[in-house]
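So the structure is just underneath, and the comments pick up after that.
The values are calculated or read from the model by the stated rules, or taken from the named source; none is laboratory data. Fair warning: this is a prediction, and the values are worked out from it, not measured in the lab. Note that we place each Cβ from the backbone using ideal geometry, even for glycine, and neighbour counts take in every protein chain shown.
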Amino acid sequence: MKKWLVIFVIAASAFWGYEQGQSPDGAQTSSFLSQSAGWAAGKLHAWNTSVSAAPDKTSAESLSSDTLENRLRAVYNISPALESRLNRSDWTPLSHIPSLLQQAVIASEDRRFYDHGAVDPIGIARALYVNYQAGTTLEGGSTIAQQTVKNIFLSNQRTMERKIEEMLLAIQLERHYSKDQILEMYLNTIYFGHGAYGIGNASRTYFGVPPSSLTVGQCAMLAGLPQAPTAYDPINHPEAARERQHTVLRLMADQHLISEETAVKAGEEGLHLNP
């Protein structure tokens, strides 16, 4: 029973993610699938509860302040739930974030961001292939919408239940917000390491300047941090950060966002990190 519910939710979310990026009537499709997937996720949780006579302490504590049922309600009321969790007093509008930084983030995190829906099966398959060929993690399979709702609503637990919640919330996010709004949310809520959440804090923490003053090399450096912010922290791990920056610059050049010459120059420029 549990296996089939999981398969249904993943298949429905993946199908919607593809259709939303391809079909002009994706809203009707998304409505049906999000309701169906919501029903399945509720059944899955009920099944887990009924078969687990003594839930482990960690699970109980993680749900004590924000239960699964409350998070599922957020699926159908995502705008108020989202706004209650955002700190817009320290917010950088997308118009104040360099387009090259936006493109660098999209190139490294979700290159088909403007072409697909909440879930990108093509992106998942491509990331698996690219990472296998490279022997290391160069690209992730989660979309920017999925990462955004994970940052705002969910824990870092790696469970199927949490992944289903992530998909459901991402579907609703794509239905109620534009791509630019989602990208702006992502850039203002993602963790960049060194205690810096959001692009404004990260820019000031690492370089002592607002995002609008970042160079191409600095944009690429920051764009590479969300994948592993502690490991790529340029202050504590400058060599790993440089390697990740070069990966992002290469991705940008491969996707024709910048020229090969610009990528080389940006990789050689001084970063002028804060002491």
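The set of residues in the range 229-260 being farther than 21 Å from Y206 by Cβ and among the acidic types (D, E) consists of D254, E260.
Whether any residue in the range 156-167 is assigned to a helix (DSSP H, G or I) and closer than 18 Å to A228 by Cα is what I want to check. No; the residues of the range 156-167 include none that is assigned to a helix (DSSP H, G or I) and closer than 18 Å to A228 by Cα. Going by what's in this entry, would Q255 be described as of a type outside the set (D, E, K, R), under 30 Å from P121 (Cα atoms) and modelled with pLDDT under 95? Yes. Only one residue in N188, N201, N236, N274 is surrounded by fewer than 20 Cβ atoms within 10 Å (Cβ to Cβ) and outside any loop (DSSP other than H, G, I, E, B), so which one is that? Unique residue meeting the criteria: N201. The residues of the range 133-161 that are among the hydroxyl-bearing types (S, T, Y) and at pLDDT 80 or above, listed by number, are S142, T143, T148. In the range 166-186 there is no residue that is among the hydroxyl-bearing types (S, T, Y), farther than 25 Å from P121 by Cβ and modelled with pLDDT of 95 or more.
Only one of the numbered conditions (1) modelled with pLDDT under 85; (2) out of contact with any Ser or Thr (no Cβ under 6 Å at 6 or more places or on another chain); (3) assigned to a loop (DSSP other than H, G, I, E, B) is violated by Y129, and that is (3). Can A263 be described as farther than 14 Å from T205 by Cβ and surrounded by fewer than 19 Cβ atoms within 10 Å (Cβ to Cβ)? Taking the combined requirement at face value, the residue does not satisfy it.
Every condition in (1) under 25 Å from P98 (Cβ atoms); (2) in contact (Cβ under 8 Å) with a residue 40 or more places away in the chain holds for F192 except the one numbered (2).
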